[in-house]
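Working notes, structure below.
Here, each number is a calculation from the coordinates, and none is a lab measurement. Nothing here was measured: the structure is a model prediction, and the numbers come from that model. Here the Cβ is made from the backbone with ideal geometry for all residues, glycine too, and neighbour counts use every protein chain on show.
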Amino acid sequence: MTRSTVPVRLYVNGDRYDIDIEPRRTLADALREDCALTGTHLGCEHGVCGACTVLLDGQPVRACLMFAVQAEGASVRTVEGLAPDEETLHPVQKAFWEHHGLQCGFCTPGFLTLVTGYLEEHPEAQEDELRDVLSSNLCRCTGYQNIVTATMSAAEEMRG
Amino acid sequence: MNTAEPRSWTGRAMPRLEDPAILRGWGRYVADVAAGDDCLHVRFVRSSHAAGRIRSISAPAHVTLVTAADLAGLHPIRAVLDRPDYVTVATPILADDVVRFVGEPVAAVLAPSEAEAEDALDEVVVDIEPLPAVLSAEAASRRDAPLVHDTEFPGDPNTVVDGRIHTPGFDEAVASADRIVTVQVGSSRQSAMPLEARASHAAYDRATGRVTLHATLQMPHMTRTGIADCLGIPEDDLRVISPDVGGGFGAKMTLAREDIVVVHLSRTLRRNIAWIETREENFLGAWHSREQVYDIEGAFSAAGELLALRGDLVCDVGAYSCYPVTFGVEPLMAMAELPGCYRVREYSVRSRGILTNKCPIAPYRGVSRPVQVLAMERLMDVAAAELGLDPVQIRRTNLVGEFPHRTPSGLVLDDASHLETLQLAADMADLAEFRERQRAAREAGRYLGIGFSSFAERTGYGTPAFAARSVPMTLGREEIATVTPGAERVICTMDPSGGVTLRIGASPHGQGLRTTLSQVVSDALGIEPSSVRVIDSDTDTTPYGWGSFASRAMVIAGGATLIAARELAERLRVLAAHRLGGLPDDIDLVEGHARRRDTGEEIALRVLARDTYHNAQLIPDKGQPALEAVGVYDPAGTFANACHVAEVEVDPDTGEVRIERFLVAEDAGRLVNPAVVDGQIHGGIAQGIANALYEELIYDERGVLVTTSLMDYLPPTVAEIPPIRIAHLETISPASITGAKGVGEGGTIGAPAAIANAVSDALAPLGIGVFHLPATPHRLRTMIRQASRTKEAAS
């Protein structure tokens, strides 16, 4: 069987990736398989769990629900692109660490990108609003208590 | 001389050593091992019939198809318990001839990518002649019921476990009772639903013929034994690695048929093979749990003392056993532990596991204890209401207060704090204030309720406890295949630079064991956790161990770690005394140094370590030029305990339950890392709330699972989980050498009963009690509507 591929140019975490993929390849698969960025996880592949959340031009999206070709030319930010450098964590990552906001860590990249994306656009968000945002994603380990605490702490830190 | 007492690492909520890599997206889960690897991808063709005979399996020539016929020579999985009432059934690696549940793997396809494997899956045609299926334990155990397996059942049809206990004074105690209180409780099927579904990647090494299997597991060593047995190969031909694991909750301790196929294909094709399970497959085939119905009778005195307890416990175990713990796990745990934290002197119980044409059950956090505690706690509240007693008072009357306490099933409850946690919980709840609010709310047409749940959580049990499940019949037989989980081993090594490596048989999957064990080692050796490296979950580099399940890791692996670290510390003290003079007992290990307590003279551990390896002539016992100690721990078990309190409001129009408060008075012994302990409690309670109100696997009348996505099966989001307030007591029990008790399952065990009691309390004015979980809005609304109709008819 011959399978046709198309060239796609992605900008991920500031780097350019020129890849040849089947048009049906999801953004999540392209990030994981073609860009070797395996921090974006797949928990359900039907858009509910949110483990695959990435930022597309700053907006949180489910990378399992969009094709990579749809991200042509857009700027994608994954969990690997949150920290400013290898020595420093992003305030959201730091807060999750300090407040034990993760256990198995499988959902964590999705929560980190979700929270980062939201707080960068809504630095004044309060707890009720942030709980609403956090209800986009599923975590099976933490019971969410420490995710809420970490998110509140990160919000405060980012407001400065 | 430095007199400052060094601060202990144990007891500190230090941030986890595991986290920085995970937070950066550098975690390494099985699918990450497969991503970018030049491997073949396997997908499984699954039965769409609950029961049937396979007529044919076919696919176009371009599809690489693997069926049971290609697996000739492989042995089926046999999970065996040595008891007269236990019926062993074999699990073929792929269904051969007969299918027994929807989702059962009947064939596999192979392709160069996941997408192409999925394409190939669509081209496979499986022709199955349907056969009559049995879809409930009740139907399956009826006379003349179709048999799920064509084998001999010594008792009722399809009954694979039938355990009984009857204490001699039971009948007399019942006769002396003032009141017999009966309840029937039940639970729907549930899924552990780790966010990472199952996955495996087998890499073939041409040079050695060995396969390295990366799989998402709680028991890598046992998995290797299981796969090697089924393939008929020496264990050494297989290396099993469980890298970062995206949640387990019990679901990843059971041997997967799919993993055996993956390893077999890798060996025979001499290729790397990957299998990444989809969420739908995970719901269909990756083990269910807790479909149970318990009929309970409590014989009470007028003062509320429980004189005798009778139970008829039925567990729907699905179509096959689970390896290694067997489908006896739910019914036998229920039989042994039903009395829980209550003083039950006389006990009569029958506990059955019954086959049905549904997905097999396997352990899920708490196993059958959430239903046991539901039974006992509903019994207590119903009895309190019938006898006109307060729910706290009836618990106080019956809780075990003196230790050790021997239960009628032969368990020994070690030092615990049932009465104290109940009191603490009642104080936190401020019952009088709540009753006031409840009264005011009722007048305003609102339904508020409060529910208590006291329980004991059996944790950290080794060989003696698992051996007690068996009634040995055939010891010494040639093909004995029984599996009795038990001891954990660790090897603690100080390298020449003074760094410590701890290799463990346990296999963490999110519990933070690398951090907590490092804390234990650090205290014993006077070093910092950052200089301890924990190596786990790799059969090539760790000692044989059972893994992480049944709230055992901190007790058993932690105990083994303490034993090894103390032995290493003793050796360092001997070496230091040789260098500094004085006796080993005069040496303290602090801040990376060995220090004479009397003179304050000290020597760095890294100097001692370096000399031990490189200048053996300087050390007293030259025969041991290494710094290494092995720790083995195999305890009988220790019981953690807690009391949960839920406050709820029920919307009578929608049947929605809103949890207003959730309070926990918990005693898990010594808290090695309080943040980790609270994290376990939070997560456990969220799953308990899910069990109580939301999650339910539903089969239709043909035995087809209809809840196969996260839009049908409803794990809670943050919106459904209230803030949880936790208070700790720390009873230090001699049954655990670290003083720590397990805490992994308590949240899930206690929360459902607290919520069922709270919802029942809220709806008491309507005469409604909740006995079956989950209490979904639909179920509650149906009961509320029925109650109002009955009320109308009566008026």
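Of all residues in region B:414-473, those that are in contact with a strand residue (DSSP E or B) (Cβ under 6 Å, 6 or more places away or on another chain) and among the small types (G, A, S) total 11.
For region B:111-133, which residues satisfy the criterion of being in a helix (DSSP H, G or I) and among the polar types (S, T, N, Q)? Walk me through how you get there before you give the answer.
Residues of region B:111-133 that are in a helix (DSSP H, G or I), as a first pass: B:114-123.
Selection gives nothing.
Scanning region B:708-744 for residues that are without any contact (Cβ under 8 Å) to a residue 60 or more places away in the chain and over 23 Å from B:V648 (Cα atoms) yields B:M711, B:D712.
Listed here are the residues, each with its yes/no results for (1) surrounded by 16 or more Cβ atoms within 10 Å (Cβ to Cβ); (2) not β-branched (V, I, T).
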{"position": "B:A51", "(1), (2)": "yes, yes"}
{"position": "B:H62", "(1), (2)": "no, yes"}
{"position": "B:V66", "(1), (2)": "yes, no"}
{"position": "B:A72", "(1), (2)": "no, yes"}
{"position": "B:H75", "(1), (2)": "no, yes"}
{"position": "B:D85", "(1), (2)": "yes, yes"}
{"position": "B:V89", "(1), (2)": "yes, no"}
{"position": "B:D97", "(1), (2)": "no, yes"}
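Within region B:430-439, identify whether any single residue is surrounded by fewer than 20 Cβ atoms within 10 Å (Cβ to Cβ) and part of a loop (DSSP other than H, G, I, E, B), and answer yes or no. Within region B:430-439, one or more residues are surrounded by fewer than 20 Cβ atoms within 10 Å (Cβ to Cβ) and part of a loop (DSSP other than H, G, I, E, B).
If you go through region A:108-146 one residue at a time, how many are over 23 Å from A:H46 (Cβ atoms) and more than 10 Å from chain B (Cβ to nearest Cβ)? It would help to see each step written out before you state the result.
We begin by selecting, within region A:108-146, every residue over 23 Å from A:H46 (Cβ atoms); these are A:116, A:119-131, A:143, A:145-146.
Then drop every residue that is not more than 10 Å from chain B (Cβ to nearest Cβ), which leaves A:116, A:119-129.
Adding up the residues that qualify gives 12.
Among the residues making up region B:440-471, those that are assigned to a helix (DSSP H, G or I) and either in contact with a Gly (Cβ under 7 Å, 6 or more places away or on another chain) or within 26 Å of B:P404 (Cβ to Cβ) (or both) are B:T463, B:P464, B:A465, B:F466, B:A467. Residues that are closer than 24 Å to A:F106 by Cβ and surrounded by fewer than 20 Cβ atoms within 10 Å (Cβ to Cβ) within region B:196-238 are absent altogether.
Residues that are away from chain A (no Cβ under 14 Å) and over 26 Å from B:V45 (Cα atoms): list the strands (runs of 3 or more DSSP E) wholly contained in region B:272-330 that include at least 3 such residues.
Working: elements: B:273-276, B:292-300, B:306-318.
Per the criteria, B:292-300, B:306-318.
Scanning region B:591-638 for residues being out of contact with any Phe, Trp or Tyr (no Cβ under 9 Å at 6 or more places or on another chain), surrounded by 14 or more Cβ atoms within 10 Å (Cβ to Cβ) and closer than 16 Å to B:E567 by Cα gives a total of 11. Restricting B:H41, B:H75 to residues that are under 19 Å from B:D259 (Cβ atoms) and either within 14 Å of another protein chain (Cβ to nearest Cβ) or within 26 Å of the chain's Cα centre (by Cα) (or both) narrows the list to B:H41.
Annotation: B:P154 fulfils all but one of (1) exposed (fewer than 14 other Cβ atoms within 10 Å of the Cβ); (2) assigned to a strand (DSSP E or B); the unmet one is (2).
Among the residues of region B:286-295, is there at least one that is among the small types (G, A, S), under 30 Å from B:V349 (Cβ atoms) and surrounded by 24 or more Cβ atoms within 10 Å (Cβ to Cβ)?
Step one: of region B:286-295, the residues among the small types (G, A, S) are B:286, B:289.
Those still in the list that are under 30 Å from B:V349 (Cβ atoms) too: B:289.
From what's left, surrounded by 24 or more Cβ atoms within 10 Å (Cβ to Cβ): B:289.
Yes, region B:286-295 contains a residue that is among the small types (G, A, S), under 30 Å from B:V349 (Cβ atoms) and surrounded by 24 or more Cβ atoms within 10 Å (Cβ to Cβ).
List the strands (runs of 3 or more DSSP E) inside region B:196-265, counting only whole elements, that have at least 2 residues being within 14 Å of chain A (Cβ to nearest Cβ) and within 23 Å of A:H41 (Cβ to Cβ).
Numbers: elements: B:199-205, B:210-215, B:238-241.
Answer list for region B:196-265: B:199-205.
Against the definition (away from every other protein chain (no Cβ under 12 Å) and either more than 30 Å from B:V521 (Cα to Cα) or in contact with a Leu (Cβ under 6 Å, 6 or more places away or on another chain) (or both)), how does B:V33 come out, yes or no? Break it down into steps so the answer makes sense when it comes.
Working: away from every other protein chain (no Cβ under 12 Å): no; either more than 30 Å from B:V521 (Cα to Cα) or in contact with a Leu (Cβ under 6 Å, 6 or more places away or on another chain) (or both): yes.
Judged against the criteria, B:V33 is not a match.
Checked against (1) facing chain B (nearest Cβ under 8 Å); (2) of a type outside the set (F, W, Y); (3) in contact with a His (Cβ under 7 Å, 6 or more places away or on another chain), A:T149 passes all but a single condition, namely (1).
Tell me yes or no: at least one residue of region B:173-183 is assigned to a loop (DSSP other than H, G, I, E, B) and of a type in the set (S, T, N, Q). Yes, region B:173-183 contains at least one residue that is assigned to a loop (DSSP other than H, G, I, E, B) and of a type in the set (S, T, N, Q). Looking across region B:121-158, just one residue is touching a helix residue (DSSP H, G or I) at 6+ places or on another chain (Cβ under 8 Å) and polar (S, T, N, Q), and that is B:N158.
Being buried (at least 24 other Cβ atoms within 10 Å of the Cβ), within 14 Å of chain A (Cβ to nearest Cβ) and either of a type in the set (D, E, K, R) or not in a helix (DSSP H, G or I) (or both): is that true of B:F662 here? Yes: the conditions hold for B:F662.
So which of B:G669, B:G688 ends up being more than 8 Å from every other protein chain (Cβ to nearest Cβ), surrounded by 24 or more Cβ atoms within 10 Å (Cβ to Cβ) and over 16 Å from B:R365 (Cβ atoms)?
Going through B:G669, B:G688 in turn, the sole match is B:G669.
Residues that are of a type outside the set (S, T, Y) and under 23 Å from A:E22 (Cβ atoms) were ranked within region A:68-87; the one that is surrounded by the fewest Cβ atoms within 10 Å (Cβ to Cβ) is A:G73.
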